[in-house]
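Note sheet for the following structure.
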């Protein structure tokens, strides 16, 4: 289960958009979203290095799926 919470004090904020600035609204209350997800991956170890690759899939049973790939390289010093 994935829990996501967003909250704010309301109002607007000007943020860079690459060529200038754009005004964005800030939330004036709190909202929480809950999603079921599926995580699959694998890892390989060589000497003191480890590489892991995985994919986090949210909305597995809906038509609005998202896939978030993750690759991690670790170096063990112990």
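Summary table below
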item	result
Complete set of residues in region 1-52 that are under 23 Å from residue 72 (Cα atoms), surrounded by 10 or more Cβ atoms within 10 Å (Cβ to Cβ) and over 19 Å from the mean Cα position of the chain (by Cα)	43, 45, 48, 49, 50, 51
Subset of region 53-66 that is closer than 30 Å to residue 10 by Cα and surrounded by 10 or more Cβ atoms within 10 Å (Cβ to Cβ) - its residue that is modelled with the highest pLDDT	66
Pair list, Cβ < 9 Å and 6+ apart or interchain, from region 1-15 residues that are in contact (Cβ under 8 Å) with a residue 12 or more places away in the chain to residues that are outside any strand (DSSP E or B) and loosely packed, with under 10 Cβ neighbours inside 10 Å	5/30; 6/30; 7/29; 7/30; 8/29; 8/30; 10/29
Residue match in region 67-74 (condition: assigned to a loop (DSSP other than H, G, I, E, B), exposed (fewer than 10 other Cβ atoms within 10 Å of the Cβ), at pLDDT 85 or above and in contact with a strand residue (DSSP E or B) (Cβ under 8 Å, 6 or more places away or on another chain))	no
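The values are calculated or read from the model by the stated rules, or taken from the named source; none is laboratory data. Values in this document were obtained by computation on a predicted structure and should not be read as measured data. Reconstructed Cβ throughout: ideal geometry from the backbone, glycine too, with neighbour counts over all protein chains shown.
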